[in-house]
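The values are calculated or read from the model by the stated rules, or taken from the named source; none is laboratory data. Note that the structure is predicted; figures quoted are calculated from it, not measured. Glycine also receives a Cβ, built like all others from the backbone with ideal geometry; neighbour counts cover every protein chain displayed.
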């Protein structure tokens, strides 16, 4: 029995550590249960809070970031670049007012003032102002629900080269933008080569592209009479350009103005070459040649802008020069183009003379003498 007792004692002694281990497992199981409860509670909390917009936004941002990081394969670099991007934001914001200032468009008053500063063209200035007033009154009548007659703003500019036709067209495009007739106000300048192609079917495409670029503004066709073939000339792609142009003018009559320009007699022939042209172009602006005083005024303005000063005898020569060329003018008279060429010749002669001097004072660099004009006149 003693042996049996000892065996029992030893067995209990051996089992005690095992019992202690079993107790520890029980405690660990309880701990696992607590952790699971905590996880369940946390999950419920997340599901509840994710219903809020802020939590959804945060969740979406985190998801987007994870997708982006996976896509670029370099999340740390992407994150490190964020501060730089953020730091550049104030600079971008601060530059916005400057951009707005740079893109500020001139007002009607400023554009009319620019028109008034042009030399001569008194009849043109009055016609433009009357046209602007007419458009303004149409708008007021529409506001009062009053009827307006049909309006066509397509124009014919008739006159010799250098009489300011393109300059006036550019001001008109901006004026019409300022009063809401045109959405953009750009001026697209073309001639026959910009509308007519050398193969069948290509002229319509080329003309369409030119009109498309002018939508919202003015399409200015210089020397438009070259589109109208002479009688008996056979097939000419100019006809195709005219027919395409007429259709596009009708299709886009609410946001397109076409101005055709050229010599007076040739433009009359051009308008009479197609009934559609006569019906669409009913406003004629005649640009008269500049007289001698106006030619000198243009020349004096060019000198002043470039800070050239004429001596007294040089001024007298200039007056005589412009009086002579005006009295002897023909159909090829260049008007302001002649003045510009004459001025550029003077600058060239002046440069040759002054460059030979040992020293160059400010007076040397700005003073134009009679000899300069005399040589420039025969170049």
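Checking residue 268 against (1) over 17 Å from residue 206 (Cβ atoms); (2) in contact with a helix residue (DSSP H, G or I) (Cβ under 6 Å, 6 or more places away or on another chain); (3) in a helix (DSSP H, G or I): exactly one of these is not met. Which one?
Residue 268 satisfies every listed condition except (2).
Hey, any hits in the range 152-175 for a residue that's more than 23 Å from residue 294 (Cβ to Cβ) and free of Cβ contacts under 8 Å to residues at least 60 places away in the same chain?
Checked against the condition, which is being more than 23 Å from residue 294 (Cβ to Cβ) and free of Cβ contacts under 8 Å to residues at least 60 places away in the same chain, the range 152-175 yields no hits at all.
Here's the yes/no breakdown for (1) farther than 30 Å from residue 320 by Cα; (2) surrounded by 16 or more Cβ atoms within 10 Å (Cβ to Cβ); (3) modelled with pLDDT under 90:
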site	(1), (2), (3)
205	yes, no, no
223	yes, yes, no
230	yes, no, yes
241	yes, yes, no
256	yes, yes, no
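Considering only residues that are touching a residue at least 24 places away in the same chain (Cβ under 8 Å) and closer than 16 Å to residue 307 by Cα, which ones fall in the range 350-372?
350, 366, 367, 368, 369, 372, listed by residue number.
In the range 296-319, is there at least one residue being part of a helix (DSSP H, G or I), within 33 Å of the chain's Cα centre (by Cα), in the same structural domain as residue 176 (by TED's automatic domain parsing) and without any contact (Cβ under 8 Å) to a residue 12 or more places away in the chain?
no
Only one residue in 341, 335 is under 24 Å from residue 222 (Cα atoms) and without any contact (Cβ under 8 Å) to a residue 40 or more places away in the chain, so which one is that?
Matching residue, one of 341, 335: 341.
Restricting to the range 270-281, count the residues that are surrounded by 15 or more Cβ atoms within 10 Å (Cβ to Cβ) and over 31 Å from the mean Cα position of the chain (by Cα).
Residues that pass the stated criteria total 5.
Being exposed (fewer than 15 other Cβ atoms within 10 Å of the Cβ) and either under 30 Å from residue 251 (Cβ atoms) or out of contact with any helix residue (DSSP H, G or I) (no Cβ under 6 Å at 6 or more places or on another chain) (or both) is the requirement here; does residue 294 meet it?
The answer is no for residue 294.
Search the range 320-331 for residues being over 18 Å from residue 375 (Cβ atoms) and in contact (Cβ under 8 Å) with a residue 40 or more places away in the chain, and hand back the single one that is farthest from the chain's Cα centre (by Cα).
Residue satisfying both the conditions and the ranking: 329.
Looking at this structure, is residue 189 at pLDDT 90 or above and either surrounded by fewer than 21 Cβ atoms within 10 Å (Cβ to Cβ) or over 30 Å from residue 326 (Cβ atoms) (or both)?
Against the criterion (at pLDDT 90 or above and either surrounded by fewer than 21 Cβ atoms within 10 Å (Cβ to Cβ) or over 30 Å from residue 326 (Cβ atoms) (or both)), residue 189 qualifies.
If I go through the range 172-203 residue by residue, how many of them are farther than 26 Å from residue 268 by Cβ and touching a helix residue (DSSP H, G or I) at 6+ places or on another chain (Cβ under 7 Å)?
Going through the range 172-203 one residue at a time, the tally reaches 10.
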